[in-house]
Amino acid sequence: MTVREALPEDAAAVAAVHVLSWRAAYRDLLPRPYLDALDVEERTVVWRARLTAPDRPTVLVATDTGGQVRAFSCFRAWPDEEFAPGTTAELAALYALLEVWGTGVGRALLAASTEALVEAGFRTAALWVLAGNTRGRRFYEAAGWRPDGKVVQEETGGRTLDELRYRRDLFT
């Protein structure tokens, strides 16, 4: 696997990973009709806009030996004023195709994301994970992320779900 910064021409591949990974990861948490309705073309428009915006987040992709995007991460400065400006980043997304789960691709992408966050000057990072996403929670906990006690409710697909905030010091 190779990890590199995403380019605007990666938008469709990132969108496909986004949609397919949601369908796999959240099949027991969200209604099937909602997941089935997720549209790669619509997500491509969103990702192309993100990847070309002047204030774009950092998006990394993990590609296989043939150059196919298999996973991606997205991070930026924490979006509100809860933390001192410039000190905390938000890992807004980290998704991988089902066929690469358990192969180390996610760990490599998370490590590369952490390294990029440190290089960007962040001291801590935070992310949101669905409370019912036990696989995702185990993944982050194995990498040193811990819940910090903040819980929000998010309505997605007609269901109200708890999201837990996890944080990690980037210099440990």
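The values are calculated or read from the model by the stated rules, or taken from the named source; none is laboratory data. These figures come from a predicted structure and were not determined experimentally. Neighbour counts are summed over all protein chains in view; Cβ atoms, including those assigned to glycine, are modelled from backbone coordinates with ideal geometry. Remember, those area values only see protein heavy atoms, side chains included, never the ligands or the DNA or RNA. Shrake-Rupley method; radii C 1.70, N 1.55, O 1.52, S 1.80 Å.
Out of everything in the range 46-81 that is among the small types (G, A, S) and farther than 23 Å from N133 by Cβ, what residue ends up being surrounded by the fewest Cβ atoms within 10 Å (Cβ to Cβ)?
G66
Kindly list the number of the only condition in (1) in contact (Cβ under 8 Å) with a residue 60 or more places away in the chain; (2) open to solvent by 30 Å² or more (accessible area, probe 1.4 Å) that fails for E154.
Result: E154 passes all but (1).
From the list R165, R137, pick out the single residue that is of a type in the set (D, E, K, R), within 14 Å of the chain's Cα centre (by Cα), surrounded by 14 or more Cβ atoms within 10 Å (Cβ to Cβ) and assigned to a strand (DSSP E or B).
R165
Looking only at the range 5-28, decide whether some residue is touching a residue at least 40 places away in the same chain (Cβ under 8 Å), assigned to a helix (DSSP H, G or I), more than 17 Å from the chain's Cα centre (by Cα) and surrounded by fewer than 17 Cβ atoms within 10 Å (Cβ to Cβ).
Yes: one or more hits.
When the residues of the range 68-96 are narrowed to those that are in contact (Cβ under 8 Å) with a residue 12 or more places away in the chain and small (G, A, S), which ends up nearest to E5 (Cα to Cα)?
So, considering only residues that are in contact (Cβ under 8 Å) with a residue 12 or more places away in the chain and small (G, A, S), the one nearest to E5 (Cα to Cα) is S73.
Specify which of the listed residues (A84, A108) is surrounded by fewer than 20 Cβ atoms within 10 Å (Cβ to Cβ) and either touching a helix residue (DSSP H, G or I) at 6+ places or on another chain (Cβ under 9 Å) or at pLDDT below 95 (or both).
One residue alone meets the criteria, A84.
Only one of (1) out of contact with any strand residue (DSSP E or B) (no Cβ under 7 Å at 6 or more places or on another chain); (2) outside any loop (DSSP other than H, G, I, E, B); (3) of a type in the set (A, V, I, L, M, F, W, C) fails for A84. Which number is that?
(2)
So, L97, is that one more than 17 Å from the chain's Cα centre (by Cα) and either β-branched (V, I, T) or crowded, with 17+ Cβ neighbours inside 10 Å (or both) or not?
Spelling it out, it is not the case that L97 is more than 17 Å from the chain's Cα centre (by Cα) and either β-branched (V, I, T) or crowded, with 17+ Cβ neighbours inside 10 Å (or both).
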